[in-house]
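K.L.:
Handing you a structure now.
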Amino acid sequence: MAGEEINEDYSVEIHEYLSTFENSIGGVDEMLKTKMSSLAYILNSMFGVYLATCGVSPKEHPKKQELERIRVYMNRVKEITGKKKTSELDSGAALRFVKKYPLGSKT
């Protein structure tokens, strides 16, 4: 983990699990990482609901920083998938254009 520092809010055992998890996702595809972050955002949001039902303010809990980090990854997913859709539409338009106006023809 970043700096391998152990947070006093959770046990050493949880820190070891987090370290193992981060090491295992090191070789994962970037797109899959961003999708995993989206799932983490959902889980983190649900945890916020749980905190609220326990009487703890989710806005003052450290999980808010984690939600912001995950939100950045979710925006990256939107950018990546949006670009793929755009390029598919452009390739079809280019193909129609080339068929209609072949190279060397005078228009």
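K.L.:
Can you run phi through the Karplus equation (6.51, -1.76, 1.60; θ = phi - 60°) for the range 67-79 and list ³J(HN,Hα) in whole Hz, with x for Gly and Pro?
P.N.:
Karplus-based 3J(HN,Hα) across the range 67-79 equals 4, 5, 4, 5, 4, 4, 5, 5, 5, 5, 4, 4, 5 Hz.
K.L.:
May I pose another question? Given the Cα atoms of the range 29-100, and with Rh set as the inverse mean 1/r over their pairs in the Kirkwood sense, what is Rg to Rh to two decimals?
P.N.:
Details: Rg = 19.1 Å, Rh = 14.6 Å.
Rounded to two decimals, Rg/Rh equals 1.31.
K.L.:
What ³J(HN,Hα) values, in whole Hz, does the Karplus curve 6.51 cos²θ - 1.76 cosθ + 1.60 give for the range 47-60 when θ = phi - 60°, with x put for Gly and Pro?
P.N.:
5, x, 5, 4, 4, 4, 5, 8, x, 9, 6, x, 6, 9
K.L.:
Could you check the spin-label model distance between MET74 and ILE14? Points 7 Å from the Cα along Cα→Cβ, value in nm.
P.N.:
If labels sit at MET74 and ILE14, their model points lie 2.2 nm apart.
Any read-out appearing in this document is the output of simple, stated calculations on the displayed coordinates, not a laboratory observation. Keep in mind the model is a prediction, meaning the values are calculated, not measured. No Cβ is skipped: glycine too gets one built from the backbone with ideal geometry, and neighbour counts run over all protein chains shown.
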